[in-house]
There are 2 protein chains.
Amino acid sequence: MSEPTLDVVAVGNALVDVLAQTTEEFIAQQKQEFGMEKGAMTLIDALRAVDLYEAMGPGVESSGGSAANTMAGFAAFGGRGGFIGKVAGDTLGKVFAHDLRALGVRFETQPLVMGAPTGRCLILITPDGQRTMNTFLGASVELKPDDVDRAMIASARIIYLEGYLFDRPHAKQAFIRAAEYAHAAGHRVALTLSDPFCVDRHRSDFLRLVENHVDILFANEEELKSLYMQESFSDAMSAVDKHVEIAVLTRSEKGAVILSKGKSWEIPAAPVARVVDTTGAGDQFAAGFLYGLCQDMDLPTCGRLGALAAAEVIQHVGPRPQSAYKDLIARAA
Amino acid sequence: MSEPTLDVVAVGNALVDVLAQTTEEFIAQQKQEFGMEKGAMTLIDALRAVDLYEAMGPGVESSGGSAANTMAGFAAFGGRGGFIGKVAGDTLGKVFAHDLRALGVRFETQPLVMGAPTGRCLILITPDGQRTMNTFLGASVELKPDDVDRAMIASARIIYLEGYLFDRPHAKQAFIRAAEYAHAAGHRVALTLSDPFCVDRHRSDFLRLVENHVDILFANEEELKSLYMQESFSDAMSAVDKHVEIAVLTRSEKGAVILSKGKSWEIPAAPVARVVDTTGAGDQFAAGFLYGLCQDMDLPTCGRLGALAAAEVIQHVGPRPQSAYKDLIARAA
């Protein structure tokens, strides 16, 4: 077991977000015509991405991808992070790489040479601040097991896996390989379930992964209930507590619950002046929690760091921090 | 004189902004090495753009360009606008075109087929909210007099010209042609001086234009003083009042002064909770003012609309409105 040189390495989709304001009526009409689900993530193909972009209002582009957002937040706290994910060699791919590397996040995955362009996520923000995501995965589904850099994985104390990657078989294999490398190096594996519909599409695979490979699970209430097919949150909590060392369960404005070895802590949501855009809230919660964990803080402090980072990101448009998170550390203590 | 079908057509640089947070130290170091001027706009070439992007922190991409930002704000008020400017046929060019058209702004200039990529402006935001711009003009300097669509110009009540275009000879000619078309159609010509350094580079051309072609002038205090080479703002005001029908003079947190035919009105700045990013403040002031003018509101109400739009845009990152401006109209009345 070598001495870790990174704190966390994440494996996830490499996407650039296009964020646009919209109306409830637009979402309702898109739901009727195309099955768009408010608040959720819908996968779309290249043609649909073009059509939807045409129909959308003016946008702002920001590097995204759930686990990559978490690493951006993790670096904004001062954490040492790495990322594994697939872009193409195009403008958006260069933007994605720049935005991670500029924060000091190690990102060395080879861009896709021929094939799909860099993936993008068209995000519609309703006046209530809720985000509805439409993802064209593009190059990010071409992440192959061979892209998983064993040395990088082994160099990190925690590997953090994004559930959305389960939507493609190759990527799922890359994912499991990463978990095996981490455990072989004696390090911990964290997973975020990402989306209740994604959990629904891959429930048995997720359950196997959680029982056999995952030490730290991040999920929101809906995702956890979907995983265990439980109507009650407390029944789902009882189930997950048997399977993982730490479960970090977020509940939007109700705050979060942390479970570990039969104990639990309730973390209240941090106050916000106005919810502008909830994109990235879960990702930044994970960033704060993981940072605290890597600094050997106690679990409730880790949770408060997560809540503070989530509160920062929902007060502006876009899924990544717009300021350094270092001053949050004193506030969480 | 045909009946106008548009309210305002703007001619300007077609740019995509990359906005990143930075420190005072970074600006100071860049000033020493490359002459970057805090708060101003510095022109950079393609190589320097690559180097600076590498050195910058993570960014957010947003369609920009001063006059294009004004048209985005004008459309957010409900105004009927058009834009003339040059992008390339690349990803950023498509983003720029989408973001204008999605607001209902007419944009029909042919993209550049061979040559430079779409122009971009690398914007560094310091903790005080001030923006420092570094512009690689790219395709936007390839705007030619033939790109100026006479029918579109003639269809608008006001043509709005961006001073930054003066940085390239072809574009300057396109500019003067647009002014001639507008006057031939019996419509008004507005100009924004854009930047004190830009005024300094082209003072005699600007003076000729203002005296001979401009009905409505937008400038901030520094730009106006630079134009007339006056140390005192009131001396510069006396000079400009003789040359134009309306002068709209913005003074950041001190508000604005409107001059017209020997009369003047002071417009206080609208209150803001926190200045996040001043990018686009002047552009959005112009949007509000022009909207009011096209609705035949009185000049102080036009000024208040401008102040409210400027206050909206400086409370978030990016140069364009993040919400419809329609509710500002009642507040200005």
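The values are calculated or read from the model by the stated rules, or taken from the named source; none is laboratory data. Quick caveat, the model's predicted, so the values are computed rather than measured. Methodologically, a virtual Cβ is constructed for each residue, glycine included, from the backbone with ideal geometry; neighbour enumeration extends over all protein chains shown. Side chains included, ligands, DNA and RNA excluded: accessible areas come from the protein's heavy atoms. Shrake-Rupley method; radii C 1.70, N 1.55, O 1.52, S 1.80 Å.
Here are a few things to note about the model shown:
- Flag not set for A:Val240, criterion: within 26 Å of A:Gly81 (Cα to Cα) and buried (at least 17 other Cβ atoms within 10 Å of the Cβ).
- Meets criteria (modelled with pLDDT of 95 or more, farther than 21 Å from B:Tyr164 by Cα and either open to solvent by 10 Å² or more (accessible area, probe 1.4 Å) or aliphatic (A, V, I, L, M) (or both)) for B:Ala97: no
- A Cβ distance below 6 Å, combined with a sequence gap of six or more or placement on separate chains, defines the contacts here; from the stretch A:98-118, residues that are within 14 Å of chain B (Cβ to nearest Cβ) reach residues that are part of a loop (DSSP other than H, G, I, E, B) in the pairs A:Asp99/B:Pro58; A:Ala102/B:Gly57; A:Ala102/B:Pro58; A:Leu103/B:Pro58; A:Pro117/A:Asp90; A:Thr118/A:Val87; A:Thr118/A:Asp90.
- Among the residues making up the stretch A:70-97, none is under 22 Å from A:Val189 (Cα atoms), free of Cβ contacts under 8 Å to residues at least 40 places away in the same chain and charged (D, E, K, R).
- Of residues in the stretch B:321-333 being open to solvent by less than 30 Å² (accessible area, probe 1.4 Å) and part of a helix (DSSP H, G or I), the one farthest from B:Leu15 (Cα to Cα): B:Ala332
Here is a yes/no grid of residues against (1) assigned to a helix (DSSP H, G or I); (2) within 14 Å of chain A (Cβ to nearest Cβ); (3) touching a residue at least 12 places away in the same chain (Cβ under 8 Å); (4) in contact with a His (Cβ under 7 Å, 6 or more places away or on another chain):
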{"residue": "B:Asp7", "(1), (2), (3), (4)": "no, no, yes, no"}
{"residue": "B:Ala20", "(1), (2), (3), (4)": "no, yes, yes, no"}
{"residue": "B:Ala28", "(1), (2), (3), (4)": "yes, no, no, no"}
{"residue": "B:Ala68", "(1), (2), (3), (4)": "yes, yes, yes, no"}
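- Exactly one residue out of A:Ala281, A:Ala270, A:Ala286, A:Ala333 is farther than 30 Å from B:Met56 by Cβ and touching a residue at least 12 places away in the same chain (Cβ under 8 Å): that is A:Ala333.
Results for (1) of a type in the set (A, V, I, L, M, F, W, C); (2) open to solvent by 10 Å² or more (accessible area, probe 1.4 Å); (3) touching a residue at least 40 places away in the same chain (Cβ under 8 Å), shown as yes or no for each residue.
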{"residue": "B:Asp149", "(1), (2), (3)": "no, yes, yes"}
{"residue": "B:Ser155", "(1), (2), (3)": "no, yes, yes"}
{"residue": "B:Ile158", "(1), (2), (3)": "yes, no, yes"}
{"residue": "B:Asp167", "(1), (2), (3)": "no, yes, yes"}
{"residue": "B:His170", "(1), (2), (3)": "no, yes, no"}
{"residue": "B:Arg177", "(1), (2), (3)": "no, yes, no"}
{"residue": "B:Pro196", "(1), (2), (3)": "no, yes, yes"}
{"residue": "B:His213", "(1), (2), (3)": "no, yes, no"}
{"residue": "B:Ser232", "(1), (2), (3)": "no, yes, no"}
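- The lone exception for A:Leu47 - which of (1) within 29 Å of A:Ala309 (Cα to Cα); (2) more than 14 Å from chain B (Cβ to nearest Cβ); (3) open to solvent by 10 Å² or more (accessible area, probe 1.4 Å); (4) not charged (D, E, K, R) it fails: (1)
- Within the stretch A:20-41, considering residues that are modelled with pLDDT of 95 or more and open to solvent by less than 20 Å² (accessible area, probe 1.4 Å), the one nearest to A:Gly318 (Cα to Cα): A:Ala20
- Number of the exception - B:Leu52 against (1) under 20 Å from the mean Cα position of the chain (by Cα); (2) surrounded by 19 or more Cβ atoms within 10 Å (Cβ to Cβ); (3) not charged (D, E, K, R): (1)
- Residue ID - nearest to the other protein chains (Cβ to nearest Cβ), chosen from residues in the stretch A:75-94 that are open to solvent by less than 10 Å² (accessible area, probe 1.4 Å) and within 18 Å of A:Gly163 (Cβ to Cβ): A:Phe83
- All positions within the stretch A:251-273 that are farther than 26 Å from A:Ala68 by Cβ and either within 14 Å of another protein chain (Cβ to nearest Cβ) or part of a helix (DSSP H, G or I) (or both): A:Lys254, A:Ala273
- Counted residues, the stretch B:9-26 - those being within 13 Å of the chain's Cα centre (by Cα) and of a type in the set (A, V, I, L, M, F, W, C): 5
- The residue list B:Gly57, B:Gly79, B:Gly73, B:Gly39 contains one member that is out of contact with any Ser or Thr (no Cβ under 9 Å at 6 or more places or on another chain), small (Gly, Ala, Ser) and part of a loop (DSSP other than H, G, I, E, B), which is B:Gly79.
- Each residue in the stretch B:308-320 was checked for being assigned to a helix (DSSP H, G or I) and either within 14 Å of chain A (Cβ to nearest Cβ) or surrounded by fewer than 24 Cβ atoms within 10 Å (Cβ to Cβ) (or both), and 4 of them qualify.
- Residues that are in contact (Cβ under 8 Å) with a residue 40 or more places away in the chain and touching a helix residue (DSSP H, G or I) at 6+ places or on another chain (Cβ under 6 Å), drawn from the stretch A:183-194: A:Ala185, A:Thr192, A:Ser194
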